[in-house]
1. Considering only residues that are over 20 Å from B:Asp125 (Cβ atoms) and among the aliphatic types (A, V, I, L, M), which ones fall in the range B:17-44?
2. Yes or no: B:Cys80 in the same structural domain as B:Pro180 (by TED's automatic domain parsing) and part of a loop (DSSP other than H, G, I, E, B)?
3. May I ask you to list the residues in the range B:43-86 that are polar (S, T, N, Q), open to solvent by less than 30 Å² (accessible area, probe 1.4 Å) and more than 14 Å from chain A (Cβ to nearest Cβ)?
4. If you scan the range B:205-239, which residues turn out to be among the charged types (D, E, K, R), open to solvent by less than 100 Å² (accessible area, probe 1.4 Å) and assigned to a loop (DSSP other than H, G, I, E, B)?
5. Of the residues that sit in the range A:138-161 and are under 12 Å from A:Leu213 (Cβ atoms) and among the hydrophobic types (A, V, I, L, M, F, W, C), which one is most open to solvent (accessible area, probe 1.4 Å)?
6. Across the range A:283-307, what is the number of residues that are more than 12 Å from A:Ile259 (Cβ to Cβ) and either open to solvent by less than 70 Å² (accessible area, probe 1.4 Å) or not assigned by TED's automatic domain parsing to the domain that holds A:Val263 (or both)?
7. Do any helices (runs of 4 or more DSSP H) lying entirely in the range A:1-53 carry at least 2 residues that are open to solvent by less than 60 Å² (accessible area, probe 1.4 Å) and facing chain B (nearest Cβ under 9 Å), and which ones are they?
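The values are calculated or read from the model by the stated rules, or taken from the named source; none is laboratory data. Just so it is clear, the structure is predicted and the values come from calculations on it, not from any experiment. Glycine gets a Cβ as well: all are built from the backbone with ideal geometry, and neighbour counts include every protein chain shown. Protein only, heavy atoms only, side chains kept; ligands, DNA and RNA dropped before computing areas. Shrake-Rupley method; radii C 1.70, N 1.55, O 1.52, S 1.80 Å.
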Amino acid sequence: MDFDLTPEQEQIRKLAHDFADQEIAPGARERDRSMTFPHEVLKKMGPLGLLGGPVPEQYGGMGIDYISHAIITEEVGRADSSVRTTLSVQISLVELTILKFGTEEQKRTYLPKLCSGEWIGCFGLTEPGYGSDAAGLATTAVKDGNDWIVNGRKMWISNGGMSKLALVFARTDPSAPKAHGISAFLLERDQHPYDAPTIHGKLGLRSSNTSELVFDHVRVPDGQRLGELGQGFKIAMTALDGGRYSVAAGAVGIAQACIDASVAYAGQRKTFGKPIASYQLVQELIADMIVETEAARLLVYKAGHEKNAGRPSTRATSIAKLYAAEIASRCADRAIQVHGGYGFSDEFPVERYYRDARVNRLYEGTSQIQKLIIGRFATGIDAIA
Amino acid sequence: MKILVCAKQTPDSTVRVKVAPDGRSVDAAQITWAVSPYDEYAVEMALERKDADASTTVAVVSLGAARAKDSLRQALAMGCDEAILVSGPGAEALEGLGVAKALAAVAQEAKPDVVLCGRQASDDDQGLVGAALAEALGWPHVATVTKFAPADGGPAGSVNGIDVWKEVEGGHEVWRAPGPVVLTVQKSEKEPRYPSLPGIMKAKKKEIPEKDVASLGIGASLPKPEIVKMEPPAARGGGKIMKDGDAKRTAQELARLLREEAKVL
């Protein structure tokens, strides 16, 4: 057992840390206020390899290990969860899913464009009527000669409006049991046009793009199908496993940002003639944040270790995602408490952390879904089968 | 063109250093280490030349403790081709001229067209090594450099002198030096680049050879001045808040204080 990072992992942390501090964090408040997608930041991340993650070098990625992947995701999440969301979708939901299930041609066509940031990808699973119950999805793909005709609507799709490529799940066999009749397709927006109206009025992730996807008789050649016919639900669950890992790491980033902001503020802010850091109740808030954040980080690394070893990691990932998402919200709440009234305004970043943290308990499987996965491993009984 | 960059590992400039209990050194336990900022500019300047001409090779050398390897790896990850560490007993204790002689031995073996050093290190601010290195090599030296390029003319691939841009009061000058030359760097054209992930992965595979400082034949060490006392800067006094609501009177009072008390006007 070794808790030390390798020299390369340390170097990657330094790169991601410096980049996050110098290139991402300074514009985060303004992008959040104006709800501006972070194009300029992403343009700088691509050439540094920060959008290629664990994808092997021959497909334009960096071939880094999963701990390094978590380190980058945490550091980006520490600076701006909106940028981190784009990164999580791009790498974990789209790139790694194409890597695992794509044909050689699909991998060579799409992965280099995605890893470089030239193309933004999105992941279309959730629908207006089907969130946690993804297997019930209503979008259809009907065979027409050698093509498929896709009809339906997707909801809450991160990156949707900015995407050039959508990984879309549709029902291809209505007669099969619901999880077995779904297939996955790769839709190029230019070739297989879909609409992506932006969803406004979000509590957090305000500079991230969230949209619907609308498919109105979109014709897609069979060559755009990802994986086997009827394998779509399995592909989606595998993808979400990767996505949860990334969300967990990003949530640890928010929690760390809450600690950093609170320690700095508590050292400067004086009440009754003393810095508030000298009060025991303030130190308690900070200590609680630190303990939970360190525990969450170790859970993420544990899941990453399983992934590096090539072992099944669903359970470890769900544990990490559940815990990191929950504590990120708690830490943000405490950070506002440390900041007092100033924490309630966007003069300080903690109110943004509070708003951005909230979605981690919802997307890539709610906290309740994570508990059901963990419970299923413990009892052998699937509560939602 | 062949470039050799000399890079010293110093405490990271973002770290607040503390004086150790002995009162004459810094507390090493609190320190994270990094390439000295002016040396980082030198690395960037070398890599800018490599960007302009892909046939350029950049080697980087550091002299000091084994941990300096981390900084060399950082330089490799930024895009340098090779790195050399000069280490071993006595390396850290060498005084400026001894460091220059050791680096000269490395330069004589590497045969670069240009040696780049930062204008001074961020720990001792002595600014000695670059000039002393030129002296030890018997090569010309140009200081406060902001850019360099091979001079025009001469057969392709050869280095027919080096044009050097140098910052001077109110502008810049362009000097031409016959190669090989030692340049001490003021600032690169761009801010030092981030090491990229591909760079980090490539650097991971590279060996960093270590040279024992004792094998370089630099002769007896010179007498070295020693630090007898280190003091942190005095704590800053509290600021003054001017509470008079009248803007004109406040501005007049502020101007008076800046001129008479702070003496900055």
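1. B:Ala29
2. On the way: in the same structural domain as B:Pro180 (by TED's automatic domain parsing): yes; part of a loop (DSSP other than H, G, I, E, B): yes.
Yes; evaluated as a whole, the condition is true for this residue.
3. As a first pass, look at the range B:43-86 and keep what is polar (S, T, N, Q): B:55-57, B:62, B:71, B:74.
So of that shortlist, the ones also open to solvent by less than 30 Å² (accessible area, probe 1.4 Å) come out as B:56, B:62, B:71, B:74.
Residues satisfying the conditions are B:Thr56, B:Ser62.
4. Start the filter on the range B:205-239 by keeping residues that are among the charged types (D, E, K, R), which leaves B:205-207, B:210-212, B:224, B:226, B:229, B:231, B:236.
When the remaining residues are screened for being open to solvent by less than 100 Å² (accessible area, probe 1.4 Å), the result is B:206, B:211-212.
B:Lys206 - this is the single residue of the range B:205-239 that is among the charged types (D, E, K, R), open to solvent by less than 100 Å² (accessible area, probe 1.4 Å) and assigned to a loop (DSSP other than H, G, I, E, B).
5. First, the residues of the range A:138-161 that are under 12 Å from A:Leu213 (Cβ atoms): A:139, A:150-161.
Checking which are among the hydrophobic types (A, V, I, L, M, F, W, C) leaves us with A:150, A:155-157.
On the way: A:Val150: 1, A:Met155: 39, A:Trp156: 146, A:Ile157: 3 Å².
Of everything passing the filter in the range A:138-161, A:Trp156 is most open to solvent (accessible area, probe 1.4 Å).
6. Result for the range A:283-307: 8.
7. Details: elements: A:7-19, A:25-34, A:39-48.
Once the helices (runs of 4 or more DSSP H) in the range A:1-53 are filtered for at least 2 residues that are open to solvent by less than 60 Å² (accessible area, probe 1.4 Å) and facing chain B (nearest Cβ under 9 Å), what remains is A:7-19.
Yes/no matrix, rows are residues, columns are (1) of a type in the set (Ser, Thr, Tyr); (2) under 19 Å from the mean Cα position of the chain (by Cα):
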| site | (1), (2) |
| --- | --- |
| A:Pro7 | no, no |
| A:Ala16 | no, yes |
| A:Pro26 | no, no |
| A:Asp32 | no, yes |
| A:Thr36 | yes, yes |
| A:Leu42 | no, yes |
| A:Leu51 | no, yes |
| A:Ile72 | no, yes |
| A:Gly77 | no, yes |
